[in-house]
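Remarks on the structure that follows.
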Amino acid sequence: AGRPFIVVPAMPNIIPLSVDPPEHTPYRQLMNKYIRPNRIENFKPHLRDFVVAELEPIITAGSGDIAAGLAHRLPPYAVALLMGLDDSMLEQLNEAGVALQSAPSTEAVNELVVGLWGGMVADLVASRRANPLNPETDLMSGVLASEIHGRTISDDEAIAIGVQIFGAGSDTTT
């Protein structure tokens, strides 16, 4: 939207993006069970309700900015559903998306990703460590309850996985 194309630099420690096969395979297998079509199907009613609520003011007004009113808000909402985020974290995710869209350089994007998303995911990891949800249905609780190569996933690995999910769902879909 008026900005030149930028290439986001490689970001280390984003799992599974930053690890190659066969090391990445158990991480992918772990994450895949939460993003299978039958699991995502459960989100459709919530996503439909969100889209209707976001479009109603635009339709009522007779015009509006669908990008700002829907396209930039829907991907973070979908990530929030997937990750089981509360409304306050959804707002933080939306604000982070806006900040990323206006970052002046690839270095600034990298700093924002690590700072904003990393901090949010660290808070989520701490919350799920203290109060785990059902690991069969809650992605982060499932990550934290899992073992990779015979050992429990560390907080740093869980944060790296969460940042990857935030990035994959929040940026590439708008």
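The values are calculated or read from the model by the stated rules, or taken from the named source; none is laboratory data. Not measured: the values here are computed from a predicted model. Ideal geometry is used to build each Cβ from the backbone, glycine not excepted, and the neighbour counts take in all protein chains shown. When the accessible area is computed, the model is the full protein with side chains, heavy atoms only, and any ligands, DNA or RNA have been set aside. Shrake-Rupley method; radii C 1.70, N 1.55, O 1.52, S 1.80 Å.
What residue, of ALA99, ALA71, ALA108, is touching a helix residue (DSSP H, G or I) at 6+ places or on another chain (Cβ under 8 Å) and among the aliphatic types (A, V, I, L, M)?
After ruling out the rest, the residue left standing is ALA99.
Just to be sure I understand, how many residues within region 38-52 are more than 21 Å from GLY162 (Cα to Cα), open to solvent by less than 80 Å² (accessible area, probe 1.4 Å) and in contact with a helix residue (DSSP H, G or I) (Cβ under 8 Å, 6 or more places away or on another chain)?
Of the residues in that region, 2 qualify.
Please specify each residue of region 16-30 satisfying the condition of being modelled with pLDDT of 75 or more and under 17 Å from the mean Cα position of the chain (by Cα). Steps first, answer last, please.
Let us first name the residues in region 16-30 that are modelled with pLDDT of 75 or more, namely 19-30.
Within region 16-30, TYR27, ARG28, LEU30 meet the criteria.
Among the listed residues LEU112, LEU81, LEU55, identify the single one that is surrounded by fewer than 19 Cβ atoms within 10 Å (Cβ to Cβ), farther than 24 Å from THR25 by Cα, touching a Phe, Trp or Tyr at 6+ places or on another chain (Cβ under 6 Å) and not small (Gly, Ala, Ser).
Going through LEU112, LEU81, LEU55 in turn, the sole match is LEU81.
Which of the residues spanning region 41-90 are among the β-branched types (Val, Ile, Thr) and without any contact (Cβ under 8 Å) to a residue 24 or more places away in the chain?
The first filter runs over region 41-90 and keeps only residues among the β-branched types (Val, Ile, Thr), leaving 51-52, 58-60, 66, 79.
Across region 41-90, the qualifying residues are VAL51, VAL52, ILE58, ILE59, THR60, ILE66.
Looking at SER102 and the list (1) in contact (Cβ under 8 Å) with a residue 40 or more places away in the chain; (2) under 22 Å from ALA78 (Cβ atoms), which single condition is not satisfied?
Checking SER102 against (1) in contact (Cβ under 8 Å) with a residue 40 or more places away in the chain; (2) under 22 Å from ALA78 (Cβ atoms), the one that fails is (1).
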